[in-house]
Amino acid sequence: MEKDKEASFFPFHAINEFMTDEYREAVVRSVLLSYATLPEEFSSRIDRNIKKAVTIPGFRNSAKAPAQLRVKPAIDSFQKNPALVAAILAAWAELHATLRQQVYDLLISREWELLPIEADRTKLPGFLTKWPKGEDFDTLFEAFKTSSSDTTTEMNDVSLMVVWLSGRLPYEFVDKNGLPAEDDSLSSAATQEN
């Protein structure tokens, strides 16, 4: 019998439901202020999306505005524009390459199905809605702390990297066979702000 392979996606900006305002600002600010250190493929993607989605008074091309002036309008656009979210998160993951590898290894060891680490996740239509049952952010962070000697990484960073690498948001909880968990309702992990 063939399983139903239809996938449901949330647009990338749905991640805002899982982020506090402070953490969203920290992510966007860190990417825009580290812009000069990013490889060209990441910076040009950010520029294209800022030019389309962000308006900064006094600049015809918002991508040419100084980073400090782009932060606030980019945060506002991050809440509505899925392409800008994807560009910012891809750059954020690139800036945290060590954490990206550690979280990738952790998820593989926990038998998550993942795209290769180097895959361009910005080309996806958004985040999958199915999340492995029993793998809430607290559990994953504890497993990360156990498997890593890195004691300075914050839970928010680990959680965001899990979401980005897995391409999933914790909305519909499923067992290892992809079947809905018995308590398919939103759990505290799904409504808990990241």
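Numbers at a glance
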| read-out | value |
| --- | --- |
| Boolean, K52 is farther than 22 Å from G126 by Cβ and either assigned by TED's automatic domain parsing to the domain that holds G126 or over 16 Å from the mean Cα position of the chain (by Cα) (or both) | no |
| Breaking point among (1) of a type in the set (V, I, T); (2) modelled with pLDDT under 95; (3) assigned to a helix (DSSP H, G or I), for V103 | (2) |
| Residues (of a type in the set (K, R) and closer than 14 Å to R100 by Cα) located in segment 111-144 | R121 |
| Scan of segment 128-157 for residues that are of a type in the set (F, W, Y) and over 22 Å from H13 (Cβ atoms), ordered by number | F141, F144 |
| Count of residues meeting criterion [at pLDDT 95 or above and assigned to a loop (DSSP other than H, G, I, E, B)] in segment 119-133 | 5 |
| Pairs with Cβ under 9 Å, 6+ apart, first in segment 26-42 and modelled with pLDDT of 95 or more, second among the hydrophobic types (A, V, I, L, M, F, W, C) and outside any helix (DSSP H, G or I) | V27/M19; V31/L38 |
| Which listed residue is in contact (Cβ under 8 Å) with a residue 12 or more places away in the chain and either under 26 Å from Y171 (Cβ atoms) or of a type in the set (A, V, I, L, M, F, W, C) (or both), from F59, F18 | F18 |
| When residues of segment 172-186 are limited to those that are surrounded by fewer than 18 Cβ atoms within 10 Å (Cβ to Cβ) and closer than 26 Å to T122 by Cβ, the one modelled with the highest pLDDT | V174 |
| In segment 111-157, residue surrounded by the fewest Cβ atoms within 10 Å (Cβ to Cβ) [restricted to those that are more than 15 Å from the chain's Cα centre (by Cα) and among the small types (G, A, S)] | S149 |
| Residues satisfying the stated conditions in segment 103-118, i.e. more than 19 Å from L128 (Cα to Cα) and touching a helix residue (DSSP H, G or I) at 6+ places or on another chain (Cβ under 7 Å) | L106 |
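The values are calculated or read from the model by the stated rules, or taken from the named source; none is laboratory data. No experiment lies behind these values; they were computed from the predicted model shown. Quick reminder, even Gly has a Cβ in these numbers, built from the backbone with ideal geometry, and neighbours come from all protein chains shown.
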